[in-house]
Amino acid sequence: MGWEDELFALFDDLEGRAGALFAAERDLEVADRSRAEYQQVGLAGRLMATVGGEVTLGVLGIGSVTGTLQRVADGWLLLASGDHDWVVALAALTTVEGASPRSVPAVAWSPFTRLGLASALRRIAEAGEPCLLHLRDGGLHNGVVRRVGADFCELVVGEGRRTVLVAFSALAAARSRA
């Protein structure tokens, strides 16, 4: 082999090493950017990508609830579980199993997802059906939601038609009794 062949072989070797170093550096940069972007992903975005799928939720004061995720909105979700529908406050979630590995950014959500927990509870009040309100501390109230305020709902309980005000901050979930 002549000196020119040795020189070209050296250049080929150096070029190969430079390419490998560049690829390794690029892989680290991509991984770093990926971690930085994932910081922007919220739980609601992951849940939004899971709509229609079966999940098991850990909910404060209740424990585990399994069902089909029907809707995700501002601060709450709707879960169909057997004969019951659950309106669950997102702030009461402790765990989610079965979530999609993807997420949906908030800019891609329907305008209806901006409706808050009060809107979901107003729908329950309009139906006039009995429901169970589960509190984050494990408390339970059985009655009919009559009216919904800015940060609480009014529940009529028992035969004496006693009224209980339930703060949204204490509410874990509302479950249909059907």
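Read-outs: derived from the displayed coordinates by stated rules, not from any lab. It should be emphasised that the depicted structure is a prediction, and the values quoted were computed from it without experimental measurement. As a convention, Cβ positions derive from the backbone with ideal geometry for all residues, glycine included, and neighbour counts pool all protein chains shown.
Rounded to the nearest 500 deg cm²/dmol, what is the calculated helix-only ellipticity per residue at 222 nm for the chain, with -39500 (n - 2.57) per DSSP H run of length n ≥ 4? All intermediate terms of the calculation are to be shown ahead of the outcome.
Numbers: 3 runs with 53 residues, N = 178.
Calculated mean residue ellipticity at 222 nm is -10000 deg cm²/dmol.
Highest mean packing comes first when the peptides 45-52, 78-85 are listed by Cβ atoms within 10 Å, giving 45-52, 78-85. In this calculation the C-beta distance from residue 162 to residue 113 is compared with R0 = 45 Å, giving a FRET efficiency of 0.80. Taking all Cα pairs closer than 8 Å and separated by 6 or more residues, the relative contact order of the chain comes to 19 percent. By the Kirkwood approach, averaging reciprocal distances over each pair of separate Cα atoms, the chain gets a hydrodynamic radius of 19.3 Å. Axis angle, to the nearest 10 degrees, between helix 117-127 and the longest C-alpha principal axis of the chain: 40 degrees. Cα axis of helix 3-38 to longest principal axis of the chain: angle in degrees, 0 to 90, nearest 10? Result, in degrees: 10.
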